[in-house]
Amino acid sequence: MEQSITLNLPYDLTDAEWSKVGDVYREMGDWIEGQDLPCWFGPLDSARFIAASVEPSGLQIAGNMNPELFRGWVTKLCAKLTAALGREVYDAEV
């Protein structure tokens with residue numbers, strides 16, 4: 001099932017902040033190295049995946065997975081990003 005959320009991280013973070021974001025990405029379980037976009041669980045064309053993209057509206061997290069698992073994964077990502085960046089990371093539409 002397709003899922004998506006936009007987080008309140010602006011596209012214009014500093015290089016140091018993006019480096020921290022990259023570190024958090026790699027810390028999340030099931031990271032897939034070497035993709036065009038940051039991906040977890042599988043590449044974009046797989047039956048189950050999560051991917052991140054930087055958009056003008058914020059950091060978009062989208063994927064094809066069970067809604068409960070997606071929410072849990074995004075909650076963990078937000079907690080890790082909040083700790084790494086020292087600012088609260090959450091759903092931009094809330």
Which residue pairs have Cβ atoms closer than 6 Å, lie 6 or more positions apart in sequence or on different chains, and pair a first residue in the range 8-24 that is within 15 Å of CYS78 (Cβ to Cβ) with a second residue that is open to solvent by 60 Å² or more (accessible area, probe 1.4 Å)? ASN8/TYR90; VAL24/LYS80
Can you pull out the residues in the range 28-57 that are out of contact with any Gly (no Cβ under 6 Å at 6 or more places or on another chain), in a strand (DSSP E or B) and farther than 18 Å from ALA92 by Cβ? TRP31, ILE32, CYS39, TRP40
Based on what the data block shows, is TYR25 aromatic (Phe, Trp, Tyr) and not in a helix (DSSP H, G or I)? no
Residue list for the range 47-58, restricted to those being surrounded by fewer than 17 Cβ atoms within 10 Å (Cβ to Cβ), touching a strand residue (DSSP E or B) at 6+ places or on another chain (Cβ under 9 Å) and either of a type in the set (A, V, I, L, M) or farther than 19 Å from ARG71 by Cα (or both): ALA47, GLU55, SER57
Per the filter on the range 46-94, residues farther than 12 Å from MET1 by Cα and among the acidic types (Asp, Glu) are GLU55, GLU88, ASP91, GLU93
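The values are calculated or read from the model by the stated rules, or taken from the named source; none is laboratory data. Bear in mind the structure is a predicted one, so any value in this text is a computation, not a measurement. No Cβ is skipped: glycine too gets one built from the backbone with ideal geometry, and neighbour counts run over all protein chains shown. For the accessible areas, the whole protein counts, side chains as well, though only heavy atoms, and no ligand, DNA or RNA atoms are used. Shrake-Rupley method; radii C 1.70, N 1.55, O 1.52, S 1.80 Å.
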